[in-house]
Amino acid sequence: MPTPSMEDYLERIYQLIDEKGYARVSDIAEGLEVHPSSVTKMIQKLDKDEYLVYEKYRGLILTSKGKKIGKRLVDRHQLLEEFLRLIGVEESRIYQDVEGI
């Protein structure tokens, strides 16, 4: 199983690929508010653990294992957001609360 940090990256990569058709290191770094060098290190680890395939200067693609976990994480995130709205959490706090959970 991926670590919580790995999950954050897989979720963001899955979202970017779903939205744009690709995920660049700079987009991942911006979305997670980390340095591009941190993204590169994590991508290499995710590649080693077979969650994605990474080719330097060419990009990355999620493996079926990576897609499955990425989709589960995005779905979980959306479910938690809906739940927090349902119980009356302020909209401005929902994203932060979901990330904390």
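The values are calculated or read from the model by the stated rules, or taken from the named source; none is laboratory data. Bear in mind that the values here come from a model prediction, so they are computed numbers and not experimental data. Glycine gets a Cβ as well: all are built from the backbone with ideal geometry, and neighbour counts include every protein chain shown. Note: areas computed on protein heavy atoms with side chains; ligands, DNA, RNA excluded. Shrake-Rupley method; radii C 1.70, N 1.55, O 1.52, S 1.80 Å.
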### Query
Say the dipole of region 12-101 comes from +1 at the beta carbon of Lys and Arg and -1 at that of Asp and Glu; which of T63, S92, V39 then lies farthest toward its positive end?
T63
### Query
Roughly how much of S5 is accessible, in Å² to the nearest 10, using a 1.4 Å probe?
50 Å²
### Query
How far apart, in nm, are two points set 7 Å out from the Cα along the Cα-to-Cβ line at Y57 and at E33?
3.4 nm
## Note on the structure
Over the chain, with neighbouring protein chains present, the accessible area per residue in Å² at probe 1.4 Å is 68 Å²
### Query
Against the longest principal axis of the chain, how steep is helix 4-20, in degrees 0 to 90 to the nearest 10, with axes from Cα atoms?
90 degrees
### Query
Placing +1 at every Lys and Arg Cβ and -1 at every Asp and Glu Cβ, with all other atoms neutral, what dipole size does the chain have around its Cα centre, in debye to the nearest 20?
540 debye
### Task
Treat each spin label as a single point 7 Å out from the Cα along the C-beta direction, and report the S92 to K68 distance in nm.
4.2 nm
### Task
For the chain, with all protein chains present and a 1.4 Å probe, just round the carbon and sulfur fraction of the accessible area to a whole percent.
51 percent
### Task
Could you list the GluC sites (Glu not before Pro) in region 1-100 that lie in coil according to DSSP, counting only those with at most 16 other Cβ atoms within 10 Å of their Cβ?
E33, E50, E90
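Could you tell me which trypsin sites (Lys or Arg not before Pro) in the chain are loop residues by DSSP with no more than 16 other beta carbons within 10 angstrom of their beta carbon?
Here the sparse-neighbourhood loop sites are R24, K56, R58.
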#### Entry: the chain pair-distance distribution - Cα-Cα, 10 Å bins, rounded %
15, 47, 28, 9, 1
### Query
Do the sum for the chain: with -39,500 (n - 2.57) for every DSSP H run of n ≥ 4, divided by all residues, what is the mean residue ellipticity at 222 nm, to the nearest 500 deg cm²/dmol?
-22500 deg cm²/dmol
### Message
Can you work out the Karplus-derived ³J(HN,Hα) for every residue in region 48-63? Use 6.51 cos²θ - 1.76 cosθ + 1.60 with θ = phi - 60°, whole Hz, and x for glycine or proline.
### Response
4, 8, 6, 8, 8, 10, 10, 10, 3, 6, 10, x, 9, 9, 6, 7
